[in-house]
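Structure first, then comments.
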Amino acid sequence: MRLLLSAALLLLSSSASAESVLADIKVHETRLDNGMKVIVKEDHRAPIMVSQVWYKVGASYEPDGITGISHVLEHMMFKGTQSHAPGEFSRIIAANGGTENAFTGRDYTAYFQTMSSDRLAISLELEADRMRNLTLPAEEFAKEVEVVKEERRLRTEDKPTGQTYEQFAALAYRSLPYANPVIGWMNDLDNMQVEDLADWYRLWYAPNNAILVVVGDVVPEEVFRLARQYFGPLKQEPVPVLKPLREPPQKGEIRSLVRIPANEPYLVMGYKTPVVTTAEKDWEPYALEMLVAILDGGNSARFSKNLVRGSEVALSASAEYNAFTRLPGMLMLDGTPAKGRSIAELEGALREEIARLRTDLVAEEELDRVRTQVIASKVFELDSVFYQAMEIGMLETIGLDWRLLDQYVEKLKQVTPEQVRAVAQRYLQDDNLTVTQLDPQPMENGKQVRRSAGGRHGG
């Protein structure tokens, strides 16, 4: 793997080579008469394909009282239609040598199958059936909502870092629905009814609110023919038009403390930032992506070099930013202090790294190295037909064009040290910061005590 990565980095040291690798895509698209968009990307390296159906609905669409409903409906999409009994969808896919699953995010819900490319018709027939013909049996809902509640317990209420992040997000976002967890608040899950799912399904699961993405060893014209055959007869439905949402300006640092049983302290920091869909200057999100890579782009990045190995103040430290979301988000920092070091020391060290970016220009050599690593990572991602489809689907569901993928490398190549400093100065300010600290309490027999789920910030 190290030899392969070295070869990739040598390849990508030539910007022309990088562009040729990423630009060699053959994407075709059409729109059915009922409004459903179909996008096909040819990749003939292996006789397989991935088929994904994306719905423009996720946790950020959910009003108070029914948070988590998109995720629960995702579970119920496997529980039977008028033509197929519960579980039959998965059995048919497996019998044809395929794998399938689904996922719910803040901005979308997606369903996918990976199969031999000559089985595409099976995938599309099944997906078209459950797009409009779910039966939503009450007994299946009663079982599945309990499964989701147990997922919430395992991922959040029994996980100190999960509880800490949940409180952080609920505090940081004043207006945006990103304050709510994708899995939902436990009170909403406790009070959810199967009729709520039926309404949500009818509202959003329509062909004119969906995108079919197929990537692999396929012929576009044949994919379009099959899409028209199976999805074409489905009727359009009126889909709600959403009002634009924005966060009000933050006017001072916000801090909170989470006191729960845990083994070690933990720190989350977040600065509100624009994304591609909301940025005033189109280069800013790409400069923020480069900034994050400078801080946390591998063993040679600043966090690892200065905080983990250098001062040894951090056991771990990371940075995260996503330029491609429907609504504005945050540039996140988090970490755990090293043994014998305090959470205050860790926070101070993270702030020092941010302050350096606000005052000092990143050296061209460092920026070029980081840029090469980011582009190399993008090239390796393109080896996966699944990830190729993911990129297309994510962009399209948040209102962007898949052709933005063509511009990605060029946008990163254009980022300058001055732009990195400019976004740090503009957005990474204390008045734009939310901080949540986990103050670990004693564990009972070495294990966290499970508490009854309840309020907005968990147990």
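The values are calculated or read from the model by the stated rules, or taken from the named source; none is laboratory data. A quick note: this is a predicted structure, and the numbers were derived from the prediction, not measured. Here the Cβ is made from the backbone with ideal geometry for all residues, glycine too, and neighbour counts use every protein chain on show.
Tabulated data
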read-out	value
Qualifying residues in segment 117-158 (those that are within 25 Å of the chain's Cα centre (by Cα) and without any contact (Cβ under 8 Å) to a residue 24 or more places away in the chain) - the one farthest from Asn187 (Cα to Cα)	Leu154
Arg326, sole failed condition from (1) crowded, with 22+ Cβ neighbours inside 10 Å; (2) outside any loop (DSSP other than H, G, I, E, B); (3) of a type in the set (Lys, Arg)	(2)
Qualifying position, being within 23 Å of the chain's Cα centre (by Cα), at pLDDT 95 or above and among the hydroxyl-bearing types (Ser, Thr, Tyr), among Thr416, Thr397	Thr397
Elements of type helices (runs of 4 or more DSSP H) in segment 54-166, at least 2 residues being surrounded by fewer than 19 Cβ atoms within 10 Å (Cβ to Cβ) and assigned by TED's automatic domain parsing to the domain that holds His44	88-95, 120-132, 138-152
Residue tally, condition touching a Ser or Thr at 6+ places or on another chain (Cβ under 6 Å) and either of a type in the set (S, T, N, Q) or within 19 Å of Leu350 (Cβ to Cβ) (or both), over segment 249-287	7
Condition check for Val385: over 30 Å from Met115 (Cβ atoms) and assigned by TED's automatic domain parsing to the domain that holds Ala422	no
Single residue of segment 24-42 satisfying the filter (at pLDDT 95 or above and part of a loop (DSSP other than H, G, I, E, B)) that is surrounded by the fewest Cβ atoms within 10 Å (Cβ to Cβ)	Asp33
Unique residue being in contact with a Leu (Cβ under 6 Å, 6 or more places away or on another chain) and not in a helix (DSSP H, G or I) when the list is Gly335, Gly252, Gly340	Gly335
Residues (touching a helix residue (DSSP H, G or I) at 6+ places or on another chain (Cβ under 9 Å) and either of a type in the set (Asp, Glu) or assigned to a helix (DSSP H, G or I) (or both)) located in segment 419-431	Gln419, Val420, Arg421, Ala422, Val423, Ala424, Gln425, Arg426, Tyr427, Asp430
Cβ-Cβ under 6 Å pairs, at least 6 apart or on other chains, segment 369-397 side without any contact (Cβ under 8 Å) to a residue 60 or more places away in the chain, far side of a type outside the set (Phe, Trp, Tyr) and in a helix (DSSP H, G or I)	Tyr387/Glu381; Glu391/Leu405
Qualifying positions in segment 357-416 - surrounded by 15 or more Cβ atoms within 10 Å (Cβ to Cβ), of a type in the set (A, V, I, L, M, F, W, C) and in a loop (DSSP other than H, G, I, E, B)	Val362, Leu382, Ile398, Leu400, Trp402, Val415
Subset of segment 255-305 [out of contact with any strand residue (DSSP E or B) (no Cβ under 8 Å at 6 or more places or on another chain), of a type in the set (Lys, Arg) and surrounded by fewer than 20 Cβ atoms within 10 Å (Cβ to Cβ)]	Lys281, Lys305
Any hit, segment 433-440, residues being part of a helix (DSSP H, G or I) and in contact with a Lys or Arg (Cβ under 9 Å, 6 or more places away or on another chain)	no
Long-range neighbours under 8 Å by Cβ, at least six apart or interchain, first residue over 25 Å from Asn432 (Cβ atoms) within segment 339-368, second small (Gly, Ala, Ser) and surrounded by 13 or more Cβ atoms within 10 Å (Cβ to Cβ)	Arg341/Ala314
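Okay, residues lined up against (1) without any contact (Cβ under 8 Å) to a residue 40 or more places away in the chain; (2) within 29 Å of Arg119 (Cα to Cα); (3) of a type outside the set (Asp, Glu):
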{"position": "Pro181", "(1), (2), (3)": "no, no, yes"}
{"position": "Met192", "(1), (2), (3)": "no, no, yes"}
{"position": "Ala198", "(1), (2), (3)": "no, no, yes"}
{"position": "Tyr201", "(1), (2), (3)": "no, yes, yes"}
{"position": "Leu212", "(1), (2), (3)": "no, yes, yes"}
{"position": "Pro240", "(1), (2), (3)": "yes, no, yes"}
{"position": "Ile254", "(1), (2), (3)": "no, no, yes"}
{"position": "Asn263", "(1), (2), (3)": "no, no, yes"}
